[in-house]
Structure formats: structure tokens, C-alpha cells
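A quick write-up on the structure given underneath.
The values are calculated or read from the model by the stated rules, or taken from the named source; none is laboratory data. Predicted model only: the values in this text are computed from it and were never measured. Neighbour counts run over all protein chains shown; Cβ positions are idealised from the backbone, glycine included. Each accessible area value is taken on the protein alone, full model and side chains, heavy atoms only, with ligands, DNA and RNA left out. Shrake-Rupley method; radii C 1.70, N 1.55, O 1.52, S 1.80 Å.
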Amino acid sequence: MEDNARLMLTQGHHTTPKWDEEKVHELAQYFRELEYLFQDCRVNNDRQKKDYAVQYLTYDTGETWMSVKEYEGEFTPTATHDEPKPATHAYTYEEWKAEIFKLYPGSESRDRYTRNDLEKLIADFLSKGTLS
């Protein structure tokens, strides 16, 4: 059977998914593009998905995303205060992604207004008139 999986793009490649932290409303689009790439490249491992997600960001944004506990997992110190044990709970990519959206108010689609919302607002305004 032939394997037609593509390789993941390198950072800085002109076709990599991009996201500007100033445009929080485009965060969902960044993740959609990234997930299409995961599918094409057959990336199924949650840790790899997290690593690729931060690879395409600016340094500061990547550091912020990696600081979210769901990136690494939770560690439990041993009774003798030695080195931490391996993660007792490895968070999934989806759990981590949900936490990333929480960092950026207005980034989730439910936080945005639709055209119908705008039309209703205009209709309400017109029906009430203006005060002079």
C-alpha cells in the first residue's frame, strides 16, 4: 500500500498556517488550517500536534502557549522530593486547544456576533427612533 502522507511544513515556509495575536477572531481559522495539515500529514499524536501548533507562532506567543499546563501535563513530586515523576495526566491536544482559546477573549465563535445579530440591532434601533 502506498503512503501518500505529506511532510509537515517547516517554520517560516510561505504556506504554513499563520496567526497574528492582534487578530484574536482568526484563532479558530489558524487551528482549522493546522488540523487540515495534520490530516494531510497523518499527524495523530497529541504531543506532536501541540509542538507543531506552537512551532508556527512568534517566539513570545509560542512561549505563552507552552506555559499552559495542558501543554506538558501535571507532575506529581515524589515523597522524597526528588525529581518530578512523569506526567500523571497527559492532556489531549483538544483539552490544550480549549485552554488556548480561553487566553484570548473573543476568539471563540460563540463570542462573536453574526449578521443576523447586526440586522436585529439595526431593526430595533430604527423601530425606536432617535431622541433629539
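Things to note:
To keep it simple, each residue is scored yes or no on (1) part of a helix (DSSP H, G or I); (2) within 15 Å of the chain's Cα centre (by Cα); (3) among the small types (Gly, Ala, Ser); (4) at pLDDT below 95.
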{"site": "Trp65", "(1), (2), (3), (4)": "yes, yes, no, no"}
{"site": "Glu95", "(1), (2), (3), (4)": "yes, yes, no, no"}
{"site": "Ala98", "(1), (2), (3), (4)": "yes, yes, yes, no"}
{"site": "Lys120", "(1), (2), (3), (4)": "yes, no, no, yes"}
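- Of all residues in the range 100-118, those satisfying the criterion of being modelled with pLDDT under 80, part of a loop (DSSP other than H, G, I, E, B) and open to solvent by 80 Å² or more (accessible area, probe 1.4 Å) are Arg112, Tyr113.
- Checked against (1) at pLDDT 90 or above; (2) farther than 26 Å from Leu103 by Cα, Leu34 passes all but condition (2).
- Of all residues in the range 32-56 being of a type in the set (Asp, Glu) and in contact (Cβ under 8 Å) with a residue 24 or more places away in the chain, the one that is least open to solvent (accessible area, probe 1.4 Å): Asp46
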